[in-house]
Amino acid sequence: MFQACTDPDTLDGLAWLACYLTNGKHIAFYGSFLTVLSLLAITAPVALAFGFGGAVAARSRIAPLRWFGQAYTAIVRGVPDIVFFLFFVIALDQGFEWLRHKVKCPGWDQPIRQGSDFIVCAEAKLPLSSSPQWVHEGYGFGLAVLTFAIVFGAFAANVLSGAMRAVPRAQVETGEAYGMTHRQTFWRILVPQMWVYALPGLSNLWMILVKATPLLFLLGVEDIVYWARELGGAKTNIYAYPHPDWRLWYFLGLLVFYLGLTKVSEIVLARINDRLSLGQATAAGEARRRRAAA
Amino acid sequence: MKKLILTTTAAAMLTAGAATAQDVVRLGTEGAYPPYNFINDNGEVDGFERDLGDELCSRAERECEWVTNDWDSIIPNLVSGNYDTIIAGMSITDERDEVVDFSENYLPPAPSAYAAMTDSLDLGNAVVAAQTGTIQANHVVDTGATLLEFPSPDEIVAAVRNGEADAAFADKDFLADVVEQDSQLMFVGEDVSLGQGMGMAFRESDPELRETFSEAIVAMKEDGSLNEMITEWFGDGAPTFE
Amino acid sequence: MSCAQSIQDYALRSLGIGERLLPRNDFTLCEQVVLIGSGLIWNVYFGVLALSFGFLLATAVALGKAADSPWLRKPSEWFIFVFRGSPLFIQFFLAYEAFVLLPRNGIELLGITAETGWLTRAWAGALIVLFLNTAAYSGEIFYGALRSVPKGDLEAADAYGFTGWHKFRKITWPTMLRLAWPAYTNEAIFLFHATTLVYFSGFPAWQQKGDALYYANYFADKTFNPFVPYPIVAVYFILLTLCLIALFGWANRRLNRHLPQTQRRRIRFRPQVIR
């Protein structure tokens with residue numbers, strides 16, 4: 001990065017450290033923090049959508065849909081998330097390619113599984129093997145988002161269906177008394193009011209999600225744990241910046257990062273909670289109303 | 001699994017290969033096993049296999065791209081098609097040969113060695129660290145020593161340094177650099193020769209690509225450029241091809 | 001090899017009893033089920049012990065956080081924040097790295113040499129981390145419950161002349177438990193799931209003795225097929241979760257048996273805890 005860094009062997013002390021901390025690998029390491037943050041930013045709404053779908057399905061009046069919703073939440077929550085991560089990505093990847101294969105290559109007459117090989121026609125490959133590297137990485141990241149969303153969607157579904165049950169029955173009945181249809185009471189009364197009941201559960205879920213991100217490297221994404229391990233490991237003279245085993249320091253850095261993220265999340269979530277309580281028929285909402293009136 | 005292999009005919013496999021003939025070849029590696037392969041300070045794949053792979057690709061007139069993957073899942077990701085070949089210091093073994101096909105070896109059978117802090121060690125009863133899922137790990141179990149497994153080669157050396165393990169067992173070429181630069185560590189016991197050398201791994205359904213690279217490897221063996229490359233990366237003492 | 005033979009060889013393999021060599025080829029479904037089941041012993045071991053010890057510390061931490069004295073409150077708050085605010089994965093790693101830095105030959109303390117080597121072993125080191133971790137999470141749950149103990153209950157206790165330890169043991173503590181129980185059930189389930197991380201982050205497996213996920217990973221590695229071993233782990237954990245829910249549900253009914261039917265709260269498995 002700096003001019004002085006062209007020959008690391010001649011450097012020592014602070015200059016060495018400055019060059020070391022700004023080499024290409026470290027830049028990638030810093031970039032991976034953004035990867036983690038963007039994963040969080042994308043996964044949270046997607047998982048919420050999955051959860052909403054799951055919750056609606058679980059309380060559906062159509063039996064098969066209800067069973068599906070209930071089975072989804074029950075199975076995913078009963079299994080450690082790490083087990084899902086270990087085989088979900090390959091399963092999802094193969095599932096997508098199989099679907100594309102069915103659509104794009106109807107004339108294909110060979111078995112898709114040849115021994116342990118999984119073979120689809122070249123047009124069905126995801127991404128196409130001619131695509132540049134960033135497409136491959138983007139696809140891997142997308143699969144990671146999807147896997148996280150499926151797992152956390154199940155938890156969110158549980159929180160949301162609890163929240164829907166928590167909305168006072170009288171509120172919905174009032175809506176019905178005004179002649180609203182089932183659909184109208186759902187969208188105009190139940191959904192706007194459920195968030196305040198869902199928020200404590202969703203906040204916890206966010207915290208769990210934050211703390212599940214170190215498992216990203218299991219999904220083949222080069223995240224902060226991957227780089228911390230890679231950078232921290234002892235380096236021989238074959239590297240430009242040899243050093244002993246520094247993993248402890250890198251992981252301590254990660255610890256601080258996560259503690260900071262938790263603290264910030266706690267503050268933000270407390271604010272949202274306060275804001276949401278406004279005008280709600282709960283104790284907290286009542287307290288806010290009184291404070292405003294005084 | 002074996003029954004399925006029999007159902008595929010050679011002709012079918014050839015057409016499958018032809019469809020992808022001119023695409024970019026994606027080379028999968030671990031990136032944590034210097035000097036075979038490692039991520040250099042610029043964040044790029046580097047090492048003996050980087051040089052070798054690039055040379056092979058230019059000889060085969062194919063465009064290549066490097067991909068890194070965890071050692072743990074390196075074969076499942078090959079067979080499900082996330083890259084086209086593995087070139088990651090992988091020893092040719094019968095066990096792996098059942099699932100993937102290997103090219104001509106590009107490194108002769110290399111010795112594996114024990115590195116330890118003391119030379120008075122009964123290796124049959126010691127605690128020996130090895131990387132999970134390697135031929136070395138299997139060998140340690142066979143010797144009757146206590147196997148201590150770690151996911152990356154780096155950690156097995158760390159385990160010896162901090163006294164968790166009595167010795168580390170890995171490819172001698174990997175340990176050579178480490179031992180040379182750490183006065184506390186030394187080689188102990190006899191070197192052990194495992195496997196049938198190192199080769200590139202391909203999907204069994206992809207014989208054409210395997211042929212292409214095998215030919216390039218044979219060509220490099222014949223004109224001596226492979227031996228030069230081995231000496232350059234592993235020093236004068238490293239075993240080369242005849 | 002017959003299935004009965006596999007059970008004989010591998011049912012207790014994770015404890016080092018039985019066949020020393022793991023299967024190397026011709027893997028049968030039976031071997032996978034038996035060996036992964038054998039690994040489950042460790043998951044149960046970590047889960048049960050961490051929960052039992054963690055329960056005691058959690059009560060202490062909850063009381064500490066609710067205490068008036070900052071000397072008790074601050075350390076409790078920090079303890080909870082650090083262990084709840086960071087990923088368990090990283091806690092395992094740091095703990096292992098810290099334990100291996102301890103002197104090999106033990107520490108001289110007041111003339112007694114304390115052995116340190118066992119701390120780097122998963123059975124002790126990982127148990128300590130899980131114990132502290134669950135104590136922090138449960139501590140927060142208990143703290144919340146402690147603050148929700150009805151004022152009337154405490155006033156009634158005062159009126160009857162209950163004081164100090166007696167009042168805590170007979171009134172405050174049972175009510176706190178009753179209120180915290182649904183959330184605590186979830187914490188227990190999460191803890192059992194978290195035990196799969198032990199051999200995945202730092203703590204190495206000795207002599208191929210590992211937990212359920214370790215063996216599943218072994219099979220996935222050898223057969224190059226992740227679609228059999230991991231679902232086996234999943235099924236085992238669903239069964240384990242069901243057992244836990246039944247057990248905690250029974251405890252919940254006991255805790256609530258003095259209440260009128262309509263006021264009893266059923267446990268719903270909801271993620272109210274943070275991991």
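The values are calculated or read from the model by the stated rules, or taken from the named source; none is laboratory data. The structure presented is a predicted model; accordingly, all values stated were derived computationally and were not measured. Reconstructed Cβ throughout: ideal geometry from the backbone, glycine too, with neighbour counts over all protein chains shown. All accessible areas refer to the heavy atoms of the entire protein, side chains included, with ligands and DNA or RNA removed. Shrake-Rupley method; radii C 1.70, N 1.55, O 1.52, S 1.80 Å.
Remarks
- Kirkwood Rh (inverse of mean 1/r, distinct Cα pairs), the stretch A:17-68, angstrom: 14.1
- Percent RCO, i.e. relative contact order, over chain A, from Cα pairs under 8 Å lying at least 6 residues apart: 21
- Along its first, second and third principal axes, ordered by size, chain B spans 58, 41, 35 Å in Cα coordinates.
- Pairing chain A with chain B buries about 3300 Å² of accessible area. This figure sums both sides and uses a 1.4 Å probe.
- Ordering C:His166, C:His193 by accessible surface, largest first, gives C:His166, C:His193; the 1.4 Å probe counts only protein heavy atoms, with every chain in place.
- Ordering A:Glu230, A:Glu266, B:Glu63 by accessible surface, largest first, gives B:Glu63, A:Glu266, A:Glu230; the 1.4 Å probe counts only protein heavy atoms, with every chain in place.
- Cα centroid separation - the stretch B:39-108 against the stretch B:215-242, whole Å: 17
- Over the stretch B:111-193, relative contact order from alpha-carbon pairs under 8 Å, at least 6 apart, %: 48
- Taken about its Cα centre, chain A carries a charge dipole of roughly 1580 debye when the Cβ of each Lys and Arg holds +1 and the Cβ of each Asp and Glu holds -1.
- Contact order relative to length of chain B, as percent, for alpha carbon pairs under 8 angstrom and 6 or more apart: 27
- Helix-only mean residue ellipticity at 222 nm for chain B, each DSSP H run of n ≥ 4 adding -39500 (n - 2.57), per residue, nearest 500: -11000 deg cm²/dmol
- Cysteines (scope the protein assembly as shown) whose Cβ has no counterpart Cys Cβ under 4.7 Å: C:Cys243
- Each of C:Gly64, C:Phe46, C:Pro174 was scored by the projection of its Cα onto the charge dipole of the stretch C:39-263, and the greatest displacement toward the positive side belongs to C:Pro174; charges sit on the C-beta of Lys, Arg, Asp and Glu.
- Positive-pole candidate from A:Phe96, A:Phe33, A:Leu21, dipole of the stretch A:1-137, charges at beta carbon: A:Phe96
- What you get for the protein assembly as shown, charging only the Cβ of Lys and Arg (+1) and of Asp and Glu (-1), is a dipole of about 7780 debye around the Cα centre.
- Report summary: the helix-based calculation at 222 nm, which adds -39500 (n - 2.57) for every DSSP H run with n ≥ 4 and divides by the residues of chain C, gives -21500 deg cm²/dmol.
- For chain A, the per residue solvent-accessible surface stands at 47 Å², with DNA, RNA and ligands left out and a 1.4 Å probe.
- Positive-end ranking of A:Ser203, A:Val167, A:Leu216 along the dipole of the stretch A:3-293, with charges on Cβ about the Cα centre, is headed by A:Val167.
- The stretch B:186-200 and the stretch C:125-188 have Cα centres separated by 59 Å.
- Centroid-to-centroid, using Cα positions, the stretch A:80-117 and the stretch A:45-72 are 25 Å apart.
- Spacing of the two label points (7 Å from each Cα toward its C-beta) at A:Leu252 and C:Ser2, in nm: 5.9
- MRE, 222 nm, helices only [DSSP H, n ≥ 4, -39500 (n - 2.57), over chain A, to nearest 500]: -23500 deg cm²/dmol
- Protein accessible surface hidden between C and A, which excludes ligands and nucleic acids, total in Å², probe 1.4 Å: 3500
- Rounded to the nearest 20, the Cβ-based charge dipole of chain B about its Cα centre (Lys and Arg +1, Asp and Glu -1) stands at 740 debye.
- Each semi-axis of the equivalent ellipsoid for the stretch A:135-294 is √(5λ) with λ an eigenvalue of the Cα gyration tensor; in descending order they amount to 46, 20, 10 Å.
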